[in-house]
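Worksheet: one structure, shown below.
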Amino acid sequence: MQSYRLNADRALEWVEGPTPAPGRGQVLVRVKATSLNSRDMVIANGLYPFPPSPNLIQLSDAAGVIEAVGPETTRFQVGDRVVNSFNPTWFGGPLRKVGRMYGTDIDGWLSDYAVVDEHALVSMPGHLSFEEAATLPCAALTAWSAVAGVGPGDTVLMQGSGGVSLFALQFALAAGARTIATTSGEAKAERLLGLGASDAVNYAETPDWGSVVRTLTDDRGVDLVVEVGGAATIPQSVEALALHGTISLVGHLGGAGQGMDLMPLSLRFATLRAIGVGSRSDLEEMNRVLSQHRIRPVIDRVFPFSDAPQAFDHFAHGSRFGKVVISR
Ligand SMILES: NC(=O)c1ccc[n+]([C@@H]2O[C@H](COP(=O)([O-])OP(=O)(O)OC[C@H]3O[C@@H](n4cnc5c(N)ncnc54)[C@H](OP(=O)(O)O)[C@@H]3O)[C@@H](O)[C@H]2O)c1
C-alpha cells in the first residue's frame, strides 16, 4: 500500500507498507480519488486547533471501490462505488461528540487503499466520476448544510469562489433561489455568472459590498449568507441581510477581524448558525439531490498521486476556481 503521511517536520512523506485486510464490519476501499480542503492546509501548517497525532495519512475526502469485505458486513459488496462520510461516527441527528477525525486522529485517504468501518461510507452518486465524487464529503456537505431550508423566492449570498461557496451556489440554484456571489477577480466573476449567479460583486474593489448587495435586492437584503470570511466579513454580511435573515457561519478565511458589534445583528432580527459539515444521513440526502439535479462539482485541477505535494502547493498558493483533486 502506498500512502502519504504528514511527518514530524510537517512534510508529506511517501510511504509503502502492506495492504491491510478488513476485520469484522470493515471494508477495504481501493481509493480512486481524493480532494483537498482548507482544513488540510491548516493541519499541514500546524495551525489546527487541536494538535494532530503525528505521521497520519492525510486528507478527509475520497471516492473509491470496495475491494474486499470483512466478516459480518451488510452495507456493501465487492465492486460497489463509495464515498466516505467526513465524520466517520456521525450518522444522523444532532452531533453529540466530535469523535476521531481523518488526518488528525486517524489515518485519512491519501493512499491507494484504506480499511474503514462500513458505516463510514455511502454509495457514490451514479452520474459522477471518482474525481468529482471525491469532492463531496467536506465542501459539498458543508454547503448543503449551510443552505438548508432555502427555497424559491429566497436570495442567497455566497462569499468568494472557494469549494464551499461554489457548491452552495449550485445547491441554492437547485432549490430555486436567486444567488448573488462576491469574488475578488473579474475572470472569476464571469465564471460565477456562467454557473448561474444573478450578480457578482467584487469585494476587493468594493469594501462596502454589503450595501451594493442591498441595492441589488431593492433594499430588501438577502435571506441567507454563506459566511466563509468570518469576523472580517460578517459586518458586511449583516449589512447585506434581510430582516429575519440567516447567516450560516462556515469559515474564517478573512482572519480575526475587528470583532463584531451585535446591535446590527439584533436590528436585523437575524439568525447566526454555525455549520459543522454534516452527518452521514445529510450526505445521503445531499447525494439524492445531486443525482436528481445532475449537479456536477466544479473541478479546478486533477493531480496524479505522485504529484500530491504539488497539489497541496497549488491549493495553498495557486489561483483556483473549483476543487483540487488527486487521482490514482
Ligand atoms: N464549518 C465547517 O463545517 C467547514 C467545512 C468546510 C470548510 N470550512 C471553512 O470554510 C472556509 C471556506 O472553505 P473552502 O474549502 O471553500 O475554502 P477555499 O476553497 O480555500 O476558498 C478560497 C476562496 O475563498 C474566497 N475568500 C477568501 N478570503 C475571503 C474573504 N475575506 N472574503 C470573501 N471571500 C474570501 C476567495 O474567493 P475569490 O478567489 O473568488 O475571491 C478564495 O479563492 C474555510 O475557512 C474552511 O476552513 C468550514
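The lone criterion from (1) surrounded by fewer than 23 Cβ atoms within 10 Å (Cβ to Cβ); (2) touching a residue at least 12 places away in the same chain (Cβ under 8 Å); (3) in contact with a strand residue (DSSP E or B) (Cβ under 8 Å, 6 or more places away or on another chain) left unmet by residue 48 is number (3). Within the stretch 239-263, being farther than 29 Å from residue 137 by Cα and modelled with pLDDT of 95 or more holds for 239, 240, 242, 243, 244, 263. On inspection, residue 200 does not qualify as within 12 Å of the ligand (Cβ to nearest atom), assigned by TED's automatic domain parsing to the domain that holds residue 150 and assigned to a loop (DSSP other than H, G, I, E, B).
Kindly indicate which of 70, 99 is in contact with a Ser or Thr (Cβ under 6 Å, 6 or more places away or on another chain) and over 20 Å from residue 308 (Cα atoms). Steps first, answer last, please.
Values: 70 fails: in contact with a Ser or Thr (Cβ under 6 Å, 6 or more places away or on another chain).
Result: 99 is the single residue among 70, 99 that is in contact with a Ser or Thr (Cβ under 6 Å, 6 or more places away or on another chain) and over 20 Å from residue 308 (Cα atoms).
Reported count of residues in the stretch 279-318, each being at pLDDT 95 or above, in the same structural domain as residue 119 (by TED's automatic domain parsing) and of a type in the set (Gly, Ala, Ser), is 4.
The values are calculated or read from the model by the stated rules, or taken from the named source; none is laboratory data. The structure presented is a predicted model; accordingly, all values stated were derived computationally and were not measured. In this analysis, Cβ positions are derived from the backbone assuming ideal geometry, glycine residues included, and neighbour counts consider all displayed protein chains.
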